[in-house]
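Let me begin by presenting the structure, written as structure tokens, before commenting on it.
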Amino acid sequence: MLIVEDIERQGRWLFRWRGYLPVLILAVSALAIATSAAQRQDSMRWDVACLLVSSIGLLIRAITIGHTPAGTSGRTAKRQIAQALNTTGMYSLVRHPLYLGNFFLMLGVVLFAGSLWLTLLYVPSFWLYYERIMAAEEAFLEASFGAALAAWSVATPAFIPRFSGWVRPALGFSLKNVLRREYNGFFAIFASMFLLDVTRQWVAFGRLQADARWIALLGAAMLVWATLRSLKRYTSLLRVKGR
């Protein structure tokens, strides 16, 4: 098997199981906190900074999904889906904006652990993981879009945005589409950092507890999550034709 074929095969497998990557990162981050020799006692400023980093990722995903049509940019699909080739909006800056968003989403969680070795390990590990997924995805797109994909790939970088290439989105922004599809990612940020704070408190004080501010943030995030989930499951309020 050619190396490129092997990478594509690995990418297809990793694509199916990519939803478990945040769980693995959370577990490793908790381990990094539990084995750290020194713990910060007053760290809310750092926590907020980490939350902002993850929010950058959520914003990138929101801008991307807000302009995409149905049948593309799937979040939970077990197989590749592409009814059209997205080349405008965020896709004119970078070919894989959702994966760029994922990078910042999980980077905030990794930084929360306050471990230099974990942060240094995360960056190349993320690239090796998603490089294979991107290779498999582009091989799939090549079979459907051929010359159009080739031209787009020449003009648009894979992962690091080129802002001079901006092209106005073909579709207008749909906040409903974002709310319908991204509430899980929104909640995951707060839940992950809450669990890491519990781990930090356990290491520091030897008992399970959490900062009252994180309890309040998690409660608010859970309320938003439950509201959006209910609207999606039991109403048509968040449905948008063609999205």
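Structure notes:
- Estimated inter-spin distance, Trp127 and Val4, nm [label 7 Å along Cα→Cβ]: 2.1 nm
- The convex hull of the Cα atoms of the chain, projected and averaged over all directions, covers 14.7 nm².
- Helix-only CD estimate at 222 nm, as mean residue ellipticity for the chain, using -39500 (n - 2.57) per DSSP H run (n ≥ 4): -22500 deg cm²/dmol
- Using only side-chain charges placed at the Cβ, +1 for Lys and Arg and -1 for Asp and Glu, the dipole size of the chain relative to its Cα centre rounds to 940 debye.
- Sorted peptide list for 51-58, 207-214, criterion being average Cβ within 10 angstrom, highest first: 51-58, 207-214
- Under 5 Å, built H, 5+ apart or other chain: amide partners of Gly89: Val167, Arg168, Ala170
- The protection proxy used here, the mean number of other Cβ atoms lying within 10 Å of each residue, ranks peptides 188-198, 13-23, 170-180 as follows, highest first: 188-198, 170-180, 13-23.
- Among Thr156, Thr227, Thr199, the largest mean-square fluctuation in a Gaussian network model of the chain, built with springs joining Cα atoms closer than 10 Å, belongs to Thr227.
- Applying a length cut-off of 24 Å (Cα extent along the axis) and a mean Kyte-Doolittle floor of 1.0 to the DSSP H helices of the chain leaves 44-66.
- The charge dipole of region 119-198, taken about the Cα centre with unit charges on the Cβ atoms of Lys, Arg (+1) and Asp, Glu (-1), comes to about 320 debye, rounded to the nearest 20.
Coordinate-derived values only; no laboratory data. Note that this is a predicted model, so its numbers are computed, not measured. With ideal geometry, Cβ positions are generated from the backbone for all residues, glycine too; neighbour counts draw on all protein chains shown.
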